[in-house]
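Comments concern the structure below.
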Amino acid sequence: MYACILIRMSTEHSQSPVPRSRGAASQPANRFLEIYQKADLEQVAEDREYLAQLGRPPTVYLPDESQSIVTENNSPDITFRYSVNPYRGCAHGCSYCYARPTHEYLGMSAGLDFETKIMVKHRAAELFSDWLARPSWKPELIAFSGVTDCYQPAERDFQLTRGCMQVAAECRQPVAIVTKNALVTRDLEILAEMARHRCVRVAVSITTLDAGLARKLEPRTSTPAARLSALSKLQEAGVSTLVMVAPVIPGLNDCEIPAILQAAKDAGAEGAAFTLLRLPWAVKEVFFQWLDRYVPDQAEKVRSFVRSTRGGRDSDARFGHRMRGSGALAEQIANTFRVFARRYQLDSNPAPLDFAGFRPPRSASGQLSLF
């Protein structure tokens with residue numbers, strides 16, 4: 001076992017071997033902690049087997065004892081008020097993920113911790129049912145994956161999203177799902193039933209059609225081909241679908257916007273949306289390290305282009321700007337998206353979901369309501 005030392009917080013990060021099949025290369029310092037742990041590997045410098053193990057950190061699932069599952073937001077940039085996230089952290093490991101800083105609230109790092117230490121809300125379906133059973137609940141849209149992907153790898157084992165979808169189907173509660181995992185098709189029978197009552201919409205996120213780039217950029221997600229196949233299966237089952245071109249990374253994948261929209265249309269998507277790359281807090285360090293590691297010849301160009309869409313900064317958190325950016329390049333990207341979304345008939349608003357059919361969940365006791 002290697003030794004550890006405790007040092008004052010700084011921008012310095014661990015010198016451990018670069019992990020394989022992970023989006024983050026390090027553990028950026030937590031901005032909320034004054035002291036953090038750093039590996040001292042000098043004494044094991046010649047132990048290649050041990051160092052190789054450090055380069056393959058396992059995914060650990062930790063219980064999350066949250067007493068509520070529905071989160072309310074008031075951001076004017078978000079089209080929904082309520083969201084559900086059965087998991088905190090995400091094993092997909094996308095290097096650009098804007099949700100990484102949320103792990104810092106838990107005393108962890110936005111780097112490797114975010115994608116290897118996943119908090120699991122085991123009571124998600126029960127808590128969701130409790131929320132919908134409240135007499136004060138007036139049905140409106142609830143989004144799944146407002147922060148982390150609800151169909152990430154953990155869902156294969158824990159099936160928390162599936163449980164929540166069963167609750168939503170019983171109640172005919174309209175939901176919107178955003179995912180980049182073809183695992184969503186596992187629940188096709190539930191989603192098809194919800195679609196018959198017009199209470200579900202699924203947006204599949206596609207960042208690139210280049211499988212090689214996707215494997216580096218989003219190491220544990222479904223391949224682009226699998227996501228397009230998922231779109232087709234959802235459409236065939238009658239589920240309303242969108243494609244999310246997200247995030248658009250200036251200088252890296254912005255040139256793929258037309259091809260992604262065409263492929264999504266061919267797969268049956270009914271609409272499309274996009275967001276520009278966001279680099280809040282520690283996400284900047286994780287993503288810039290990724291650039292230097294995988295696309296060093298393009299790294300400086302991408303950095304420059306990103307800053308040109310953010311007023312010369314790495315990030316712009318202002319409402320009205322953070323999703324779309326500003327400046328000539330940001331406008332060019334938006335115009336390109338609009339032109340090709342119109343060309344492939346993906347620019348119209350999807351049919352509204354039906355809120356009138358909502359019915360509260362049955363009591364666990366089997367007792368029926370008087371009203």
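Every number here is computed from the coordinates shown, using simple stated rules; none is lab data. These figures come from a predicted structure and were not determined experimentally. Don't worry about glycine lacking a Cβ; one is built from the backbone with ideal geometry, like all the others, and counts go over all protein chains shown.
Key figures
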| item | result |
| --- | --- |
| Phi to ³J(HN,Hα) by Karplus 6.51 cos²θ - 1.76 cosθ + 1.60 over segment 69-78, Hz, x for Gly, Pro | 10, 9, 10, 9, 10, 10, 6, x, 7, 9 |
| Computed Kirkwood radius, in angstrom, where 1/r is averaged over Cα pairs of segment 232-371 | 17.7 |
| Of the DSSP H helices in the chain, those whose Cα atoms cover at least 20 Å axially and whose Kyte score averages -1.0 or more | 328-343 |
| Order of 257, 35, 142, 78 - criterion: other Cβ atoms within 10 Å of each residue's Cβ, fewest first | 35, 78, 257, 142 |
| Sparse-neighbour loop sites [trypsin sites (Lys or Arg not before Pro); segment 160-224; at most 13 other C-beta within 10 Å; DSSP] | none |
| Label-point gap, in nm, between residue 136 and residue 255 - each point 7 angstrom along Cα→Cβ | 5.4 |
| Rel. contact order, % - alpha carbon contacts under 8 angstrom, at least six apart, segment 3-343 | 16 |
| In segment 230-326, the trypsin sites (Lys or Arg not before Pro) that fall in loop regions by DSSP, at most 12 other Cβ within 10 Å | 313, 318 |
| Hull volume in cubic angstrom per residue (convex hull over the Cα atoms of the chain) | 148 |
| GluC sites (Glu not before Pro) lying in DSSP loop within segment 89-197, provided at most 15 other Cβ fall within 10 Å | 140 |
| Sequence-separation-based contact order of segment 158-314, relative, with Cα cut under 8 Å and 6+ spacing, percent | 20 |
| Residue (of 308, 289, 348) at the positive-pole extreme of the chain, dipole from beta-carbon charges | 348 |
| Cross-link pairs 117/265; 117/180; 121/216; 121/265 - those with Cα-Cα distance over 31 Å | 117/265; 121/265 |
| Charge dipole (debye, nearest 20) of segment 81-215; +1 at Cβ of Lys and Arg, -1 at Cβ of Asp and Glu | 280 |
